[in-house]
1. Taking the criterion of being under 21 Å from the mean Cα position of the chain (by Cα) and surrounded by fewer than 16 Cβ atoms within 10 Å (Cβ to Cβ), would at least one residue in the range 63-74 satisfy it?
2. Condition (residue is within 24 Å of PRO48 (Cβ to Cβ) and in contact with a Pro (Cβ under 6 Å, 6 or more places away or on another chain)) applied to the range 116-123: is it met by at least one residue?
3. Would you mind finding the one in VAL118, VAL134 that is under 28 Å from THR170 (Cβ atoms) and touching a residue at least 40 places away in the same chain (Cβ under 8 Å)?
4. Hey, any hits in the range 136-156 for a residue that's more than 16 Å from the chain's Cα centre (by Cα), in a strand (DSSP E or B) and more than 20 Å from HIS42 (Cα to Cα)?
5. For the condition polar (S, T, N, Q) and in a strand (DSSP E or B), what is the one hit in THR98, THR124, THR131?
6. Just to be sure I understand, how many residues within the range 41-84 are in contact (Cβ under 8 Å) with a residue 40 or more places away in the chain and either of a type in the set (A, V, I, L, M) or in a loop (DSSP other than H, G, I, E, B) (or both)?
7. Suppose the filter is of a type in the set (A, V, I, L, M) and touching a Phe, Trp or Tyr at 6+ places or on another chain (Cβ under 7 Å); does VAL118 pass it?
8. Looking at the range 110-121, which of the residues that are in a loop (DSSP other than H, G, I, E, B), loosely packed, with under 14 Cβ neighbours inside 10 Å and not β-branched (Val, Ile, Thr) is modelled with the lowest pLDDT?
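The values are calculated or read from the model by the stated rules, or taken from the named source; none is laboratory data. No experiment lies behind these values; they were computed from the predicted model shown. Cβ placement follows ideal geometry from the backbone for every residue including glycine, while neighbour counts extend to all protein chains displayed.
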Amino acid sequence: MKDWRIAFAAAAGTAALIGTAHAITDTAFTYSTPKLGFFSIHPRALSPNTNTMGYIISTNQAQISGTSTGCFATAVNLPQGAKVETIVTWYASGAGQTPTVGLFRQHQSDGVSDGYNVALLSNTGARVQNTINVAGNLTIDNSAYSYEFHFCPASSDNIFYTARIKYTYTNAGD
């Protein structure tokens, strides 16, 4: 008795799927109003920039160990044409030694780098948040540049917790 109900439901469902097919043939998917996006950076995404640097990277933080010096870095992959608005970093710093944070781009043809490198000024030892407003909203050009975020501790008591890059975009992909 129940078998005919299952067969009927299956046939009705199939009939609902039959109809006119539409194909998306456009290659430009743009928004008239910019959309807001966020690129989060977890401590586990970071790598030391030198193989002689002592460091600790755990589930919730990254820091150098002992008297080591160097920076942590990770690639940043944002949509073509995105405009970077802010870089927010959560960190701790004590003993008067303040870390720096930066967003750099490297020109693919000649390797020349430029970008933002900003000292984080709090040295209270407590977890704090620092927001960097990117002047002119850096526009991402993946055809000419590759991008990197870095955190450079000044001492072993400079701790990176997380960071977030806020950007706007007007297309649905590269």
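1. For the range 63-74, residues under 21 Å from the mean Cα position of the chain (by Cα) and surrounded by fewer than 16 Cβ atoms within 10 Å (Cβ to Cβ): absent.
2. yes
3. Just one listed residue meets the conditions, VAL134.
4. no
5. Within the list THR98, THR124, THR131, the selection yields THR131.
6. Of the residues in that region, 24 qualify.
7. no
8. Ranking the qualifying residues of the range 110-121, first place goes to LEU121.
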